[in-house]
Amino acid sequence: MNKRKHNIIIVTGIFAISLIITVFMVHRMNMCSDYKKAELCQAAGEYKQAADIYQGLKNYKDSADRLLQCRSMYEEQLINMHRFDIAREMFEETDDVSGLLYCEYKEAEYFFEMEQWEKALDMFRELDEYENSREMEEKSLDELYRQAQKELAKLNYDEAERLFKKCGDYKASNKFMAYMDFRREQVPLDKDIFKSSNHMVKLEKGNIYYVRDFYYYVPDVINENTKCSVYFAGGMGGVILTYETVRSYFRNFEPNAIMVFYMGSCINNIDYKIQESFEILNYFTVKNNITIHDLIITGSSMGCATALKAAVKYYDSYNICPVAVGALDNACDWDIPFNLTGEELELLSESGTVVCLYEQSTEICCKPVREIKDSGSRLVMIGCKNKDHDAISRYGFSLGCFESLWTGKFDSDEYKTESFNMSGDEWN
């Protein structure tokens, strides 16, 4: 090999080495530049872009660790943006079972928040014991149950039936289905069988009518939001409820409700009066193309026992679940022969009706009260701060008792409450 060739080889080698070094340095500079870009993207919350860059950097510095961080942050970002489909695909690509469960759980929560009860219910059921899925499944089912009742109130029979079937045997779903079948067959009568124009008082939003031993109130506008109420007076034969007492209630309240007030003693002809009250409510609800719903039943003094009997009768015979039954001033007169039987106590508990006892002297040791509690019925003891015995039994509903029964909210300035067999002091 001559000297010239030797020099060429040396020069070529040096050039090649220089080129390699140059390429390496440029590559390192590019990697450094990309790394800084990725850092900026990560800091700005652009986790997908950052992850894509870190993935290209492979083992440069801590790129591998940062890639995992950004993927995790991006997955969380997708979930927060409710892009569950993309997040799910990412978890499936990496066989991340825990991440996939988390994604499913957050999607179920989202459906619950958006009041898409069916989707939430299905997903929480699939998640089984993950986190608090069992609890959320129960909540979703309860909301679906309420939604079914609302559809029934609007006479959307097909949708109500579908939702109640989805609820299965939850609470009183079967009773609502039975009432729906009954209501579907009802047609409005051609004539008014209860109204009497000679005994009517016009109020701001409706009319009070008087027929024999009861009054009833009918709003001018009856719609799917119209509720129902029945009141039974007490006493040992004397009239305890006068028109002025009823009128005093409407001076303070005039709810969107069809309301029946029995004014005489309600310890006689109990079954007849309960049947009659149902016929009144059924007549006006059918006539106005709605259902009997949001029903509260109230009694005063010995009429409390009648109110409890009525709540059971409405549930067992008419397939209607009263929201609540209110007993005003009841404890002293409850040692009477027509208290609830064991079977009636079971039906009352099964109906889910809340039993609300208004009486400053009512105590859980009172036998009828104790039996209601022990049977599993939802029970609220409301100790009225008003110490006037007559004011509670005669005028309690004019102080807002009806409204508290409909809403489940008790004015702490007037009442002191204690609850049993309930998760809270409010209901819908």
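Worth a mention:
- Residue among Tyr272, Tyr262, Tyr283 that is under 21 Å from Lys309 (Cα atoms), among the hydroxyl-bearing types (Ser, Thr, Tyr) and open to solvent by 10 Å² or more (accessible area, probe 1.4 Å): Tyr272
- Pairs where the first residue, in segment 85-102, is within 17 Å of Met123 (Cα to Cα) and the second is open to solvent by 70 Å² or more (accessible area, probe 1.4 Å) and charged (D, E, K, R), C-beta under 7 Å, 6+ apart: Leu100/Glu92
- Which listed residue, of Ser300, Ser277, is under 15 Å from Ala324 (Cα atoms) and of a type outside the set (Phe, Trp, Tyr): Ser300
- Identity of the residue in segment 125-178, among the hydroxyl-bearing types (Ser, Thr, Tyr) and within 27 Å of Glu107 (Cβ to Cβ), that ends up surrounded by the most Cβ atoms within 10 Å (Cβ to Cβ): Ser140
- Restricting segment 396-408 to residues that are open to solvent by 20 Å² or more (accessible area, probe 1.4 Å) and farther than 17 Å from Thr353 by Cβ leaves a set whose member that is modelled with the lowest pLDDT is Leu399.
- Remark: Glu343 falls outside the filter, which requires a residue to be free of Cβ contacts under 8 Å to residues at least 24 places away in the same chain, within 27 Å of Val221 (Cα to Cα) and open to solvent by 10 Å² or more (accessible area, probe 1.4 Å).
- Scanning segment 104-138 for residues that are basic (Lys, Arg) and under 20 Å from Glu75 (Cβ atoms) gives a single hit, Lys106.
- Qualifying helices (runs of 4 or more DSSP H) (wholly inside segment 214-332; at least 1 residues being over 21 Å from Cys401 (Cβ atoms)): 270-287, 303-318
- Single residue of Leu67, Leu100, Leu57, Leu141 found to be in contact with a Phe, Trp or Tyr (Cβ under 9 Å, 6 or more places away or on another chain), at pLDDT 95 or above and not β-branched (Val, Ile, Thr): Leu141
- Residues that are at pLDDT 75 or above, part of a helix (DSSP H, G or I) and either of a type in the set (Gly, Ala, Ser) or out of contact with any strand residue (DSSP E or B) (no Cβ under 8 Å at 6 or more places or on another chain) (or both), drawn from segment 364-395: Lys367, Pro368, Arg370, Glu371, Asp374
- Test set (1) open to solvent by less than 20 Å² (accessible area, probe 1.4 Å); (2) under 28 Å from Lys48 (Cβ atoms) - Glu109 fails condition number: (1)
- Taken over segment 100-138, residues that are in contact with a Ser or Thr (Cβ under 8 Å, 6 or more places away or on another chain) and more than 23 Å from Arg162 (Cα to Cα) amount to 2.
- Scanning segment 238-259 for residues that are open to solvent by 30 Å² or more (accessible area, probe 1.4 Å) and within 16 Å of Cys228 (Cβ to Cβ) yields Phe253, Glu254, Asn256.
The values are calculated or read from the model by the stated rules, or taken from the named source; none is laboratory data. Just so it is clear, the structure is predicted and the values come from calculations on it, not from any experiment. Positions of Cβ are generated from backbone atoms using ideal geometry, with glycine treated the same way; all protein chains shown enter the neighbour counts. Please note that ligands, DNA and RNA were not included when accessible areas were found on the heavy atoms of the full protein model with its side chains. Shrake-Rupley method; radii C 1.70, N 1.55, O 1.52, S 1.80 Å.
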